[in-house]
Amino acid sequence: MTRQPHPDPARVLIAAFEGWSDAGSATTTALQHIGELIGAEVLHTIGADGFVDFQVHRPRVRFDDQGHRVLEWPETRLYGTVQRPGEPKDPAAETVHRIDGTPVTDLFLLAGVEPARDWTSFADEVVDVIQAWGIDTVILLGAMFSDAPHSRPIAVSLSSDDPDQRARTGAQRSDYEGPVGIASILAFALADAGISSVSLWAQVPHYVHSVPSPKATLAILDKLEELLDVVIPRGELLTESNDWEASINRIAADDEDMASYIRRLEEARDASASPEATGDALAYEFEKFLRDDEPDDEGGTPPTA
């Protein structure tokens, strides 16, 4: 079913999922950062039953505000800003805002873990929620491990099957063929429902896979700011990104194998003409990303931090 777009400004949903497409926790950290800025509250939940493998993503016990122990299931949640008449606003509070300073109130977030089963039904439920809330455009976030040096700008890529989105954002039409994650399933379901979407992917250095990557989160926020024509305060992320890069430099300074490997990556990146701008380069990185623990060209496993 195709619906009529909501009047301007467009209502935008940003979606990210823990797991396969969240290298360095870059996408979920970006979503959490935006959620804190806009004071996002839960608007709707998609239950975990039938979709999530609880042996992989176990429910958690926590204490609520009243001190009671409660179960928290790995549900998929839609978040948004709730407008309450008469509620005072803190003029000093940082928030996502437009260039003229007005706060953004038409931004929605979708967060959860990548389902383990019945992806088609899950995608149908997501589409139903999007239609119910009159959302016009969906931005699907992803992050993958790649042969990217930590000392260079994080490469980000945009793709979309929607020609209007490609004309507006400069996104490419992906020519990738191979295994995919839930974000790709959602992109197809959204297209079938007549809902515009664009996929934003960041490349995260694979040799620092054991820690979050604030530098990749910043790259995602930079691109979101550009796509949405808004201002997104960065908070402590810039400091965290600098500390992240400095800590890797310290480790590499004491590990010649790692330092040599990073230099090769830097030389390859510097010698190329913006590989992140080509569909072929993105497809190549995807193919490498999908291989499990393959040895490098010299027959060994790349060093990790």
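The values are calculated or read from the model by the stated rules, or taken from the named source; none is laboratory data. Nothing here was measured: the structure is a model prediction, and the numbers come from that model. Glycine also receives a Cβ, built like all others from the backbone with ideal geometry; neighbour counts cover every protein chain displayed. Only protein heavy atoms, including side chains, enter the accessible area calculation; ligands, DNA and RNA are left aside. Shrake-Rupley method; radii C 1.70, N 1.55, O 1.52, S 1.80 Å.
Descriptive notes on the structure:
- Selection within segment 107-128 - out of contact with any strand residue (DSSP E or B) (no Cβ under 7 Å at 6 or more places or on another chain), of a type in the set (D, E, K, R) and part of a loop (DSSP other than H, G, I, E, B): Arg117, Asp118
- Taken over segment 228-238, residues that are within 15 Å of Ile14 (Cβ to Cβ) and either open to solvent by less than 20 Å² (accessible area, probe 1.4 Å) or not in a helix (DSSP H, G or I) (or both) amount to 3.
- When we screen Thr95, Thr102 for residues that are within 30 Å of Ser213 (Cβ to Cβ) and of a type in the set (S, T, N, Q), the only hit is Thr95.
- Taken over segment 36-52, residues that are under 14 Å from Ala123 (Cα atoms) and of a type outside the set (Ser, Thr, Tyr) amount to 6.
- Any hit, segment 180-195, residues being of a type in the set (Val, Ile, Thr), under 28 Å from Ala123 (Cα atoms), at pLDDT 95 or above and touching a Leu at 6+ places or on another chain (Cβ under 8 Å): no
- Boolean, Trp119 is aromatic (Phe, Trp, Tyr), touching a Leu at 6+ places or on another chain (Cβ under 8 Å) and either open to solvent by less than 10 Å² (accessible area, probe 1.4 Å) or closer than 30 Å to Arg60 by Cα (or both): no
- Residue selected from segment 245-268 under the condition touching a residue at least 60 places away in the same chain (Cβ under 8 Å) and either more than 19 Å from Ile154 (Cβ to Cβ) or of a type in the set (A, V, I, L, M, F, W, C) (or both), by the criterion most open to solvent (accessible area, probe 1.4 Å): Ala268
- Scanning segment 89-114 for residues that are farther than 23 Å from Gly235 by Cα and touching a Gly at 6+ places or on another chain (Cβ under 9 Å), we see that the one that is surrounded by the fewest Cβ atoms within 10 Å (Cβ to Cβ) is Val113.
- Segment 206-219 residues that are under 15 Å from Ser151 (Cβ atoms) and open to solvent by 10 Å² or more (accessible area, probe 1.4 Å), paired with ones that are among the aromatic types (Phe, Trp, Tyr) and not in a helix (DSSP H, G or I) (beta carbon under 9 Å, 6 or more apart): His206/Phe145
Matching residues to (1) in contact with a Ser or Thr (Cβ under 6 Å, 6 or more places away or on another chain); (2) touching a residue at least 24 places away in the same chain (Cβ under 8 Å); (3) open to solvent by less than 60 Å² (accessible area, probe 1.4 Å):
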site	(1), (2), (3)
Arg168	no, no, no
Gly178	no, yes, yes
Ser184	no, no, yes
Ile195	no, yes, yes
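- Top-ranked residue of segment 19-29 - restricted to ones that are closer than 23 Å to Ile195 by Cα and either of a type in the set (Val, Ile, Thr) or modelled with pLDDT of 95 or more (or both), ranked as most open to solvent (accessible area, probe 1.4 Å): Thr28
- Filter result (of a type in the set (S, T, N, Q) and open to solvent by 100 Å² or more (accessible area, probe 1.4 Å)) within segment 32-88: Gln32, Gln55, Gln66, Gln83
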